[in-house]
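In what follows, a structure is listed as structure tokens, so that the remarks can point back to it.
What follows draws every value from the coordinates through simple rules; no lab data is involved. This one's a predicted model, so the numbers in the text were calculated from it and none came from an experiment. Don't worry about glycine lacking a Cβ; one is built from the backbone with ideal geometry, like all the others, and counts go over all protein chains shown.
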Amino acid sequence: MVCLTLTSALGADADTDRRVRIPANKAMKGVTFKVAPEYSAVARQLRVAGSVEVDVYIAPTGSVEKVSVVSGQSLLASGVVSALKKWKFGTLFEGETTPSPAVTRLSFTFVP
């Protein structure tokens, strides 16, 4: 089973300076298409559990440009990254008037 946990990350790094940092709950309201992360057979067999936290870089078009793993087991992270690359977001987030590049931090919890 995979659960999505909404978290907000404060601060910015060089890669996010020109991006709008969107809180996770606001970003999730803008999701127009999503694929659930796969709990790999190897991770399931080894009963690997835990959370994977990622930064999702969203293009002004709503597509996911990049997914950066912040923390979590690599056996679990690969499924999260693969799924998120297929996600689509609306082009405007609450409070915005023009589409702009954005980044949000999401956390997924895997339970065997």
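For Pro37, what is the net charge nearby, where nearby means another residue's Cβ is under 13 Å from its Cβ and Lys, Arg count +1, Asp, Glu -1? Let's see the in-between values first.
Numbers: positive: Lys34, Arg44, Lys85, Lys86; negative: Glu38, Glu53.
Neighbourhood net charge equals +2.
Using the count of nearby Cβ atoms within 10 Å as a rough guide to exposure, how do Arg18, Arg105 rank from fewest to most? Mind showing how you got there, number by number?
Numbers: Arg18 10, Arg105 20.
Fewest to most other Cβ atoms nearby, the residues stand as Arg18, Arg105.
So what is Rg over Rh here for segment 24-112, counting just Cα atoms and using Kirkwood for Rh? List each step's numbers first, then the result.
On the way: Rg = 13.7 Å, Rh = 13.5 Å.
Reported Rg/Rh (Cα atoms, Kirkwood Rh): 1.02.
In nanometres, what is the gap between the two model label sites at Glu96 and Arg44, each 7 Å from Cα along Cα-to-Cβ?
Here the modelled spin labels are 3.5 nm apart.
Gly72: net charge of surrounding residues, Cβ under 13 Å, Lys/Arg +1, Asp/Glu -1, itself excluded? List each step's numbers first, then the result.
On the way: positive: Arg105; negative: Glu53, Asp55.
Within the 13 Å Cβ shell, the charges total -1.
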